[in-house]
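The values are calculated or read from the model by the stated rules, or taken from the named source; none is laboratory data. Values in this document were obtained by computation on a predicted structure and should not be read as measured data. Here the Cβ positions follow ideal geometry from the backbone for every residue, glycine too, while neighbour counts run over all protein chains shown. Heavy atoms of the whole protein, side chains included, go into the accessibility calculation; ligands, DNA and RNA do not. Shrake-Rupley method; radii C 1.70, N 1.55, O 1.52, S 1.80 Å.
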Amino acid sequence: MARHRGCFSGLYEGDFGLSALTEKLCASGVRVDEAQALDLAAEVADDCDGEGAVELGVDLRCLLESALPEELIRTAWLAATRRSFDPVDFGMDMRGWLRRLADRYPARSRKKARGYGPESSPSSMGEEELCEAVVLEIRTSASQLRHAMAKSGFAAPLPESVPEALEGIVRESDGELGFRLFLRVLKSYGVPVAKDQYDRLMVLDTKLRYPGPLVYDGLNVQWLPVDTTRRDATGDFGFSELTSWFTGQWHDHTARETVQRAAANDDTAETPGSAAALLLEDALRLLESSLSSGTITTLWLAASDRGFSIDRMGIDARTWLQTIAEVCRERLQEVAPSYTPVKPPLQSELTGPVLREIQDLTPLLADRTVSPGWHEIPGMTAAEALKQVVTTVDPDLGYRLLLRLLHVLALPLTEEQYARHRTLGEQFGYGEFHVNELELLVEHV
């Protein structure tokens, strides 16, 4: 049957439909009976105020209305569940089990997906494009999948038949369901997934409007070593990104806890520990620089929109940086104990272009203040501090702090200025959303 795909990320927090049922069965860790399997199916159906029943029903009909052989469907099912529930053991064939579920969860309309904006719209990825992409990934993993299944001691189905069964579901039933079942099999057997393949899986995640955890939770990714010269994050990072954690409502946590959360907030494309390593690198550059504590304080207060006023609390800027560095080292010891901080070379050739952007904003900065009316920081004072970072510490860090200041002060940009910022972002190797967020500040003529 033709599947109409909704915006799954607007509804679900993780897996859904038939693949979510296989996850629950596999997670049980024991062989379950028919009544227990039906209870788990009810949990899947109840997800998201009953919306889970919609995708479960669609998945079931995709299989039942296909011409797939009975044994092929059973092979994929047993692999995804690690044979925690085999309908044959309870006097049913595979299609009989699926029909029983389908009778409980008949077709009904979806609710509208929650959320707003382009990312909340349904996927426009064509079925043929999706099927070809998923089949490629199944074939990429086929050898290691067979090896992992053979090592697990799993008796049936034969490991050799599983990739073929998954391909059959993709081509003859539904590419999206086949993709989710493929992911479940990878996770069920801890099949190693190389970083380049993981990146391709996450591209499909984005195109299908999945909730991110559906792909990466439980996946055995073979991460590359932590390397701060490899810019895998799509947005801000390091010290400049940390300042954003202290704007708004961070006060449910202590300052140290907030730093801990930021240091552990690796982008889904990053090796675990990357966020801490990048933040540690920035903190050490500032700690070891010739900047005065007053200048560092100004940088922090301006970029965080005075969200955490270290000056009013009697906290020296370098003491604050030492706390940040300590938290980062704790995180790295936990997830990347072999990592040793190495300062990459500065991109000094970009010092001039960054200074020119600061200078270009001088007329606007002269009339703006951070935290107006309460221990305000003149825009020009913040700009002078930025210039010192650019010229004496790191043009990359200085530029990222400039981008933060643009957001804090909501400075209007011309289309020409925005174009220059995008070029600078590309030269620094930033992720696709790091500079693009400035588009909200552009005044279109």
Backbone HN-Hα couplings from phi across segment 234-250 [Karplus 6.51/-1.76/1.60, Hz, Gly and Pro as x]: 8, x, 5, 7, x, 4, 5, 5, 4, 4, 5, 5, 9, 8, x, 9, 9
Using amide H atoms built in the peptide plane, which far-off residues or other-chain residues are under 5 Å from residue 370 H to H? 377, 379
Please report the spacing between the Cα centers of segment 308-326 and segment 245-263 in Å, no decimals. 13
How large, in percent, is the carbon and sulfur part of the accessible surface of the chain at a probe radius of 1.4 Å? 51
Global size of the chain as Cα Rg and Dmax, reported in angstrom: 26.0, 80
In a Debye calculation with equal point scatterers on the alpha-carbon sites of segment 358-445 and no solvent, what is log10 I(q)/I(0) at q = 0.11, 0.12, 0.22 Å⁻¹? -0.30, -0.36, -1.16
What accessible area, in Å² to the nearest ten, does a 1.4 Å probe give for residue 158? 120
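Taking the Cα centre of the chain as origin, work out the dipole magnitude from +1 charges on Lys and Arg Cβ and -1 charges on Asp and Glu Cβ, in debye rounded to 20. Spell out each step's value before the answer.
Numbers: 46 positive and 69 negative charges, 87 e Å.
For the chain, the charge dipole is close to 420 debye.
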Once the Cα atoms of segment 378-427 are picked out, what are the Rg and Dmax in Å? 11.2, 30
Efficiency of FRET between residue 319 and residue 247 - r from beta-carbon atoms, R0 22 angstrom, step 0.05: 0.55
Debye log10 I(q)/I(0) at q = 0.16, 0.17, 0.19 Å⁻¹ for segment 257-389, Cα point scatterers: -0.95, -1.04, -1.19
If you look for lysine pairs in the chain that are eight or more places apart or on different chains, how many of them have Cα atoms under 25 Å apart? 12
May I ask which residue of 78, 309, 379 lies farthest towards the positive end of the charge dipole of the chain, with charges of +1 (Lys, Arg) and -1 (Asp, Glu) on Cβ and the Cα centre as origin? 78
Given q = 0.10, 0.14 Å⁻¹, what are the Debye log10 I(q)/I(0) values for segment 182-323, with equal point scatterers placed on the Cα positions and solvent ignored? -0.44, -0.75
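Specify whether the C-alpha gyration tensor of segment 331-391 places it in the rounded, prolate or oblate class, a ≥ b ≥ c being the square roots of the eigenvalues: rounded for a/c under 1.5, otherwise prolate if a/b is larger than b/c and oblate if not. It would help to have the intermediate numbers written out before the result.
Values: a/c = 4.59, a/b = 1.67, b/c = 2.74.
Here segment 331-391 falls in the oblate category.
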May I ask you to rank 430, 399, 339 by accessible area, largest first, using a 1.4 Å probe over the protein chains only? 339, 430, 399
